[in-house]
Amino acid sequence: MSKASVKRVVNTIQKFYPISLADKSWDNTGLLVDSSINNEDDSNISSNSTSSNSLNLKILLTIDLTQSVTNEAISKNCKFIMSYHPFIFRGLKSINQIDPQQKSLIKIIQNQISVYSPHTAVDSAYGGVNDYLVQIITNNNLNLKNSKPIKPNLENSKCGMGRIIELKDSKTIYEIVDLVKSGLKINHLQVAISNNGINQNIKTIAICAGSGGDVFKGVKADLYFTGELSHHETLFYKESGSHVICCNHSNTERAFLYVIQRQLIDELNIDENDVIVSETDKDPFTTW
């Protein structure tokens, strides 16, 4: 087996999810914490740094870098965390032990853990999380007629935010709900039924992992499938004659961590036990 370094892990993530695909207008992607211990030039450490590390790294994959995930990484001796969502988002003017995210940041640095966030690069990538949701809803593309990004990337038309798909054979909301629950391994989700009735057939579907509000603007579909929408957005689609499925934000992303896990193991040629998916990372909302 090969040895993984911070530089190799970052390069591998960026091979599948190039940082150029991220939405730089608001997102904060890249190497957010570089705790490499053998930097050739400390002045080069930055959010996009890929400095080397001679030690073999154990990698933890998570959607959110919470306090529980931080403690899990420390207890499992992980030295690299890939956090789908960036936990450093706005500029820090001071660091304290009161803010829970900053408290985690202090622990991460103390324990020499590096953190990388790919976020919207995974959303946009061809074969990324949105294409994964397409596979779920079309039974591994067996019922897929066509698919394209809702907001295509200017340099690669196969990439971009969201997906609008057409099914070969129309489905009912009952059938789609079963596919989503099974594919995402969740027991509950929220459904808004079209004003045209529960038996309205579904042929076109707009898909967006996470929050679909901005991506769905101006898009017409029989079903809108996402993690979350606002109350008024949902009412608009429902009263316009469309169904809506919301699963909670991170529930549309979490299952894809297992795809990334497989990609890293195979590409880095490292032991399967060296890339693990967090056991404590969960969506903050539960259904009682």
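Computed from the coordinates by the stated procedures, all read-outs in this text should not be read as laboratory data. Model, not experiment: these values are computed from the prediction. Every residue, glycine as well, gets a Cβ built from its backbone with ideal geometry; the counts of neighbours run over all protein chains shown.
The alpha carbons of region 126-247 give a radius of gyration and a Dmax of 13.2, 41 Å, in that order.
Each 5 Å bin from zero up to the one holding the largest Cα-Cα distance in region 200-288 carries the following percent of pairs: 3, 13, 19, 17, 13, 12, 10, 8, 4, 2, 0. Between the labelled values (1) 29, 22, 18; (2) 36, 19, 17; (3) 27, 25, 17, the entry that holds semi-axes √(5λ) of the Cα gyration tensor in Å as derived from this structure is (2).
Considering only G162, G227, N196, the residue lying farthest towards the positive end of the dipole of region 126-247 is G162, judged by Cα position with unit charges set on Cβ.
Could you work out the Rg to Rh ratio of region 44-187, with Rh taken as the Kirkwood radius (inverse of the mean 1/r over all Cα pairs)? Before the final figure, lay out each step's value.
Working: Rg = 19.3 Å, Rh = 18.0 Å.
A ratio of 1.07.
Axis angle, to the nearest 10 degrees, between helix 257-268 and the longest C-alpha principal axis of the chain: 50 degrees.
Spin-label model, Q112 to N141: label points 7 Å out along the Cα-to-beta-carbon direction sit 4.3 nm apart. Please work out how much length the chain gains when fully extended from E279 to K203, using 0.36 nm per residue of separation minus the C-alpha to C-alpha distance, in nm with one decimal. Full-extension gain reported as 23.7 nm.
Database remark: amide H of Y116 closer than 5 angstrom to the amide H of L32, I81, M82, S83 (H placed geometrically; neighbours at sequence offset of 5 or more, or on other chains; Pro and chain starts carry no H). DSSP bridge analysis restricted to region 126-247 gives an antiparallel fraction near 60%, rounded to the nearest 5.
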